[in-house]
């Protein structure tokens, strides 16, 4: 696959992921833009990319994320999901040439728990870009050694990256032109005289209507008989998604729990465990 002259957008400028990925893309004679938290008009730059890698499939149908803005039929799109390309197309109306693979499942099978997705995501991107397996292993080794990981952890991550590289389905990529962002749905206010138009809040709070639980890929699940009522999960939850019963047992608000798993990490009796979310329509 020839990626010479094509556009790549790297979001993140860290020395661990962003800059090494950008250098790998430059080696393929691509035109690379590195974006970060201070980049202006980030969405416009994303619209110019020929390859989109989506690590979290819940972003596809999130109206606030608008992750598919500007994707055309010529855009190569990789999604980390348990679903097939046909199922993702049907559920999300992805216009691009779609490749899917369950990278999270591979990590669970190889490492026993979910860790960073950088190695398998890098493998997916490298495969779609036509990079060699040797260059991928060298990049992963350099990245993880800079973090000071043990030899056994490094070897397992290399195995994960290699397995993902070999299994990612290749999709054809056509010549694309920069897409255009669709217009956002805006409400036009009606201005009245000051006696009636003075700024005021007449409606109740609507933050609870934003169900951030849709972002979650793993959920904390309570094993009641192990809970000692210590309140730590309630105290540590950053989103106030855990309340307590009269007997000090936690109740999780799954509509707003984002799945950060702090409660699972902090629970001293291991009464909270992590379970992967079931995706509707998954094979």
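The values are calculated or read from the model by the stated rules, or taken from the named source; none is laboratory data. Just so you know, these numbers come straight off a predicted model, no measurement behind them. We place every Cβ from the backbone using ideal geometry, glycine too, and count neighbours over all the protein chains shown.
One line per residue, one yes/no per condition, for (1) in contact with a helix residue (DSSP H, G or I) (Cβ under 6 Å, 6 or more places away or on another chain); (2) modelled with pLDDT under 95; (3) closer than 23 Å to residue 81 by Cβ:
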{"residue": "240", "(1), (2), (3)": "no, yes, no"}
{"residue": "247", "(1), (2), (3)": "no, yes, no"}
{"residue": "254", "(1), (2), (3)": "yes, yes, yes"}
{"residue": "265", "(1), (2), (3)": "no, yes, no"}
{"residue": "274", "(1), (2), (3)": "yes, yes, yes"}
{"residue": "278", "(1), (2), (3)": "no, yes, yes"}
{"residue": "281", "(1), (2), (3)": "yes, yes, yes"}
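Can you tell me which residue among 109, 126, 74, 91 is within 30 Å of residue 153 (Cα to Cα) and crowded, with 16+ Cβ neighbours inside 10 Å?
126
Do we have residue 121 as crowded, with 17+ Cβ neighbours inside 10 Å and either in a helix (DSSP H, G or I) or outside the structural domain of residue 79 (by TED's automatic domain parsing) (or both) here?
yes
If you take the residues of the stretch 161-172 that are assigned to a helix (DSSP H, G or I) and farther than 14 Å from residue 138 by Cα, which of them is nearest to the chain's Cα centre (by Cα)?
Checked the stretch 161-172; the qualifying residue nearest to the chain's Cα centre (by Cα) is 164.
Out of the stretch 124-135, which residues are at pLDDT below 85, part of a helix (DSSP H, G or I) and either touching a helix residue (DSSP H, G or I) at 6+ places or on another chain (Cβ under 8 Å) or at positive phi (or both)?
Correct list: 125, 126, 129, 135.
Tell me which residues, restricted to the stretch 139-154, are surrounded by 13 or more Cβ atoms within 10 Å (Cβ to Cβ) and over 20 Å from residue 125 (Cα atoms).
Correct list: 149, 153.
Just name the residue that is farthest from the chain's Cα centre (by Cα) out of those in the stretch 218-238 that are surrounded by 14 or more Cβ atoms within 10 Å (Cβ to Cβ) and farther than 15 Å from residue 268 by Cβ.
Out of the qualifying residues, it is 237.
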